[in-house]
Amino acid sequence: MSRITSAIFSSRYSIHDLSRCRGEGSETLARFNMPLELGIAMARRFTSHLTGDHDWLILVPDGHQYVKFISDLAGFDPMTHDGTTGRLVPAVMSWLATRQDAIPTPTPKRVLVELPRFEADVIRLTEEWGAGTIPWRELVKAAANRVPPVP
């Protein structure tokens, strides 16, 4: 928990995809990690006078009736997607491009073109570091090498 909370409190932005909140397994228990993390991000935002600004993006699957289980989000208009990178990347990139103090972002097309190369980099990094142990800075460096900042 402390790693997630630290990451949210040290970041200006966070993205929360609520599409994984579905029942799984024989007991059809849903995982609620993402809504919990969104709640932490909301707490950060609403205590921004103490912690600095924080903004978030909420993603939900097409046709998802999120208001049935988290009706307090009704005024936040989550972005919808169909689970494909072709819909997720444009949603995220267009949101980032509208943040006032965000660095200039590449176009969704540019990200989608570079994505297979980045995924190959992640496979290479996994072979070098081991599954689940790639340092965050290495992933950021790999992404920056594939899609350099826009001037």
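Between residue 134 and residue 112, what FRET efficiency comes out of the Förster formula 1/(1 + (r/R0)^6) with R0 = 22 Å and r the beta carbon distance, rounded to 0.05? It comes to 0.50. Solvent-free Debye calculation, one equal scatterer per alpha-carbon of the range 103-151: log10 I(q)/I(0) at 0.15, 0.20, 0.28, 0.32 Å⁻¹ equals -0.41, -0.67, -1.04, -1.19.
Each reported figure results from applying straightforward, stated rules to the coordinates on display, with no laboratory input. Nothing here was measured: the structure is a model prediction, and the numbers come from that model. When we count neighbours, we look across all protein chains shown, and the Cβ atoms used for this are built from the backbone with ideal geometry, even at glycine.
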